[in-house]
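The values are calculated or read from the model by the stated rules, or taken from the named source; none is laboratory data. This structure is a prediction, so every number in the text was calculated from the model and none was measured. Cβ coordinates were reconstructed from backbone atoms using ideal geometry, including for glycine residues, and neighbour counts include every protein chain displayed. Protein only, heavy atoms only, side chains kept; ligands, DNA and RNA dropped before computing areas. Shrake-Rupley method; radii C 1.70, N 1.55, O 1.52, S 1.80 Å.
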Amino acid sequence: MVLNYIWIGFIIIAFIVALCKLIYAGDTAVFNNIMTATFDSAKMGFEVSLGLTGILSLWLGLMKIGEKAGLIQKFANIAAPVFNKLFPGIPAGHPASGTIFMNFSANLLGLDNAATPIGLKAIQQLQELNPKKKTATDAMIMFLNINASGLTLIPITIMMYRAQFGAANPSDVFLPILLATSASIFTAIITVCIVQKINLLQKELLFFFGGIALFIGGLSFIFKTLPAEQVSLYSTLIANMLLFMIICGFILAGLRKKINVYETFIEGAKQGIGTAIKIIPYLVAILVAIGVFSASGAMGILIDGIRWAVASLGLDTSFVEALPTIIMKPLSGSGSRGMMIHAMETYGADSFIGRLSCVAQGTTDTILYIVAVYYGSIAVKNTRHTIPCALIAELAGAITAITMAYIFFPM
């Protein structure tokens with residue numbers, strides 16, 4: 001229901017803004033721009049879905065090997081102490097816990113190509129437990145909110161972009177991103193726990209949160225002591241090495257169990273094509289709405305309004321130029337990435353705006369994309385409190401990103 005109102009709102013607001021620009025500003029190109037954005041966004045939605053087909057087939061094939069080899073069950077057992085508290089609706093030992101564990105691990109390493117197909121497998125397993133197939137369960141909402149909060153320990157892609165745009169130290173955004181994304185994920189979990197009446201003071205959860213905080217602190221210290229040029233090198237090497245070790249581990253586990261690894265892979269890979277086709281209409285719908293909203297000029301008006309409000313309060317407005325990246329982030333991953341690149345092109349990779357845009361890009365994930373793709377793959381229409389909770393986490397991450405930029409990159 002929430003997604004329905006957001007979708008309608010984007011299109012109606014875009015029409016009103018475009019009409020006002022035509023009547024009062026004489027902008028005769030605005031509706032042409034809107035229709036061009038509509039066609040381009042629809043094409044992008046199809047191409048993104050098509051591009052996911054190969055990746056989905058690869059990882060769903062590997063996941064099928066992992067299931068038959070018993071590895072997914074082992075991951076479920078490892079995650080059980082914490083997941084039983086955060087996901088009380090998942091029965092003990094259910095394979096969904098193991099798949100969720102793997103999805104979170106891939107996200108932590110910044111391995112989007114692996115995280116998305118594994119996440120789609122997890123949401124399908126959660127749907128098997130769902131008595132109301134059109135309505136999101138509590139477990140689904142917790143899962144999607146943790147995904148949308150975007151906790152990434154190693155922002156490999158952003159550091160690569162910064163290097164391409166000539167940043168003196170491409171990894172200088174590592175620590176600000178880590179702190180901002182930590183604020184986002186903790187906010188997401190706490191918000192969903194409050195709504196779902198999950199007791200946050202259970203010892204398992206306290207140890208879990210404490211362990212994450214200690215790990216993040218230790219990782220921050222290690223990366224802070226490394227030479228700048230080695231941070232990106234080691235983080236990329238470690239992430240990709242771990243990823244290939246997982247692939248090899250699945251295959252070796254399959255051999256140990258004496259299953260036909262190749263046939264099992266093919267069996268799982270076939271599911272990738274069907275899943276990719278399912279999400280096309282959902283992805284096209286949300287990308288078209290976002291494209292129309294941006295092409296109409298509504299995004300620019302929103303940012304100008306925020307700049308005026310901030311200035312009226314007597315506050316520094318330096319961060320406002322980075323707002324396009326921040327505002328686009330929950331709407332469109334490619335859109336926010338484009339805004340980040342534009343900021344570095346316009347102001348420089350080592351400028352305050354360039355750095356803040358990079359921190360904002362790495363703080364959270366694309367909420368509406370995740371909701372459209374994950375729920376679309378299982379035809380869930382009633383998303384309940386998924387989006388409101390995710391937007392609260394998004395806001396916490398954005399505020400922390402701006403704060404970290406002022407602390408780490410004073411002007």
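Taking the Cα of residue 20, stepping 7 Å toward and past its beta carbon, and measuring to each backbone N in region 271-306: which are under 18 Å? Residues 292-306 qualify, since their backbone N sits under 18 Å from the label point. Using only the C-alpha atoms, the convex hull of region 171-222 corresponds to 56 Å³ per residue.
Estimated at 0.36 nm per residue, the fully extended path between residue 27 and residue 40 surpasses their Cα-Cα distance by 2.6 nm. Using the Cβ-Cβ distance between residue 92 and residue 222 with R0 set to 30 Å, the FRET efficiency from 1/(1 + (r/R0)^6) comes to roughly 0.25. Relative to the compact-globule estimate of 2.2 N^0.38 Å, the Cα radius of gyration of region 274-371 comes out at 1.19. Accessible-area rank, largest first, for 47, 345, 394, 67: 345, 47, 67, 394, with all protein chains present and a 1.4 angstrom probe.
Given the protein chains as shown and a 1.4 Å probe, how many square angstrom of residue 7 are accessible, to the nearest 10? Result for residue 7: roughly 100 Å² accessible.
Rounded to the nearest whole Å², what accessible area per residue is found for the chain with the 1.4 Å probe?
Accessible surface, normalised per residue, equals 44 Å².
With a Förster radius of 45 Å applied to the beta-carbon distance between residue 244 and residue 129, the computed FRET efficiency rounds to 0.90. When the listed pairs 74/132; 258/278; 68/329; 121/258; 64/133 are checked against a 27 Å cut-off, the alpha-carbon distance exceeds it for 74/132; 258/278; 68/329. By the compact-protein rule of thumb, 2.2 N^0.38 Å, the alpha-carbon radius of gyration of region 320-411 corresponds to a ratio of 1.18.
Label-to-label distance for residue 213 and residue 47 is 4.5 nm, based on points extended 7 Å past Cα in the beta-carbon direction. Its Kirkwood hydrodynamic radius, worked out from the mean inverse distance over all distinct Cα pairs, puts the chain at 22.3 Å. Sequence-ordered 3J(HN,Hα) estimates for region 23-39 from the Karplus curve with 6.51, -1.76 and 1.60 and θ = phi - 60° stand at 6, 9, 10, x, 7, 7, 9, 4, 6, 5, 5, 5, 5, 4, 5, 4, 5 Hz, glycine and proline given as x. To the nearest 10, the accessible area of residue 121 is 20 Å² with a 1.4 Å probe. Given a cut-off of under 8 Å on Cα pairs at least six residues apart, what relative contact order in percent is computed for the chain? Reported relative contact order: 30 percent. Across 267, 128, the residue with the most accessible area heads the list, and the full order at a 1.4 Å probe is 128, 267.
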